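Just so it is clear, none of the values below were taken in a lab; they were calculated from the coordinates. This structure is a prediction, so every number in the text was calculated from the model and none was measured. All Cβ positions, even for glycine, are placed from backbone atoms using ideal geometry, and neighbour counts span all protein chains on display.
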Amino acid sequence: MNNFVISFCKIWNLKELRKKIIITLGLLLVYRFGAYIPLPGVNPLGISDFIDKFNSGSKGLMQILSSFTGGAFNRASVLALGIMPYISASIIIQLMCIIIPSLQRLQRDGESGRKQISFITRWLTVGICLIQAPVYLVSLTQQFIPFSSSNMAYLIDLNSFYGKSMFWIIGVMILTSGTLFTMWLGDKITDKGIGNGISLIIMSGIIARFPDAISKEILSKLEIGNGGLVILLFEFLLWLLVILFSVIIIQAVRKIPVQYVSHYKSLSLGLDSQLIHKKHQYIPLKMTSAGVMPIIFSQAIMLFPLTFSDHIKNMKLRNFFHLFQDIYGFWYNLTISILVIVFTFFYTAIAIPVNQMADDLKRNGGHIPRIKPGKETAEYIDHVLSIITLPGAILLAIIAILPSIVFRMGLNQSFALFYGGTSLLIVVGVILDISQQVNIYLLNYHYDGLMMMKYRSNYK
């Protein structure tokens, strides 16, 4: 506890870091406020029944979508679409970068190419919003909260042409603007705050649902015949072990030794000859170099058919899509496991440029012992990366389906989502990333202080 207080005081005394944390918390607070602002024409007091029905009757996939949006989805909020259209656009663009040569060239152009790809992704996000927003409004008025003359959920008459047209036009514009505003908040957090803005926004929505989930689990276990405190303590102990397991997976690193050859002139003897000095370092390759992105991408793909499944007229095709809406069912878990493994290899291949790493080593005078520089180095790094990625992908897949396993063991549906899957990995991954950035700031601060003390001592 004393160490925590001391660390907090150090963080707070560092002006630059304190400013970044305040900006990050302020922007996240703005996002959380936006999640409670209803669409124009929607009565916030009249949708309480919809929220209760949604939370009790959902099979889980809709709850995941709601957690990604911080509960804005089931509140008919202006931020109901959340950041998911941007994630879907990012998936499409990264897949297109493999197929289209011009996009491949942009990827190799460095910072300028990255900006152009980001620009294309944002416009694609607008296009996806213009498709998903009308589908959401149709689902809202026909399935989630069916409009009727006695329904107090709407403040306008949707039977009239004027009222319906205005509700649709304004609704589509505001839902699209809400996603773009969420993207802007994420970019501002990344630039001015601390951590990755998009990941922090998703995490804030997930954490917002945690108090309700844990209170429901406690109340259900304290009821007569549900096991009481013993089972509750066992569940929390198992949950802590799952968190520890997730941290180990995310932090696991395979170190490839590297030797750098440096040349120094022998000045003390007055000779022009050079002394060769070998510096031993290593390349850290994470077992899950892709991080939580494979699970986020897989989840986004599983949520995509949900947008259109209820509007398909073919009953066989509709029933086929409905098989994948139950996150505790066999077909959903089998599909999500395969997608997680595939996306882990796919995203690792994109995130780790082995050829560039080999060229940089050769250019800087470094080499891996017993491996020739150049092509053989790239092949060796790729081989090691493939070996360590396979168990990492399998372990990520196990964590992805863990909520359905513990749900079958008797856990509450809401709390089961925090036992693994996207929710747990995003929270753990983001917290670890923020802690690493904070440690870097503190390390630089102490390093600058030591250098200043050394300068003063030399000056005296």
Practice item. Putting +1 on Lys and Arg Cβ atoms and -1 on Asp and Glu Cβ atoms, find which of Pro134, Tyr86, Ser112 reaches farthest to the positive end of the dipole of the range 22-208. Key: Ser112
Check your understanding: So who's got an amide H within less than 5 Å of the one on Val258, skipping anything under 5 residues away but keeping other chains? H placed 1.01 Å off N, in plane.
Key -> Gln281, Tyr282, Ile283
Check your understanding: Among Phe234, Phe297, Phe324, Phe161, which comes first, second and so on when ranked by fewest other beta-carbon atoms within 10 Å?
Key -> Phe161, Phe234, Phe324, Phe297
Point to revise | Per-peptide average of other Cβ atoms within 10 Å, ordering 285-291, 353-359, 419-425 highest first | key: 419-425, 285-291, 353-359
Practice item. Between the alpha-carbon centers of the range 377-430 and the range 94-123, tell me the distance in whole angstrom. Key: 28 Å
Revision key, fill the gap. Mean Cβ-within-10 Å packing, highest first, puts peptides 189-200, 69-80 in the order 69-80, 189-200
**Study point:** Span from the the range 166-192 Cα centroid across to the the range 319-354 one, whole angstrom
**Key:** 28 Å
Check your understanding: Which FRET efficiency value, to the nearest 0.05, is calculated for Lys19 and Ile398 with the Förster distance at 41 angstrom and r the Cβ-Cβ distance?
Key -> 0.50
Revision key, fill the gap. The exposure ranking of Tyr136, Tyr441, Tyr162, fewest beta-carbon neighbours within 10 Å first, is Tyr162, Tyr441, Tyr136
Check your understanding: Binning every alpha carbon pair distance of the range 22-208 at 5 Å from zero, what are the percents per bin?
Key -> 1, 8, 15, 18, 17, 15, 11, 7, 4, 2, 1, 0
Review point. Each residue of the range 327-338 in order: what ³J(HN,Hα) in whole Hz does its phi give by Karplus 6.51 cos²θ - 1.76 cosθ + 1.60, θ = phi - 60°, with x for Gly and Pro?
Key: 5, 9, x, 5, 5, 4, 5, 5, 5, 5, 5, 5
Study note, to complete from the structure: Most packed first (mean Cβ within 10 Å per residue), the peptides 236-249, 399-412 order as 399-412, 236-249
Check your understanding: In nm, to one decimal, how far is the modelled label at Lys192 from the one at Ile131, with both set 7 Å along Cα→Cβ?
Key -> 3.4 nm
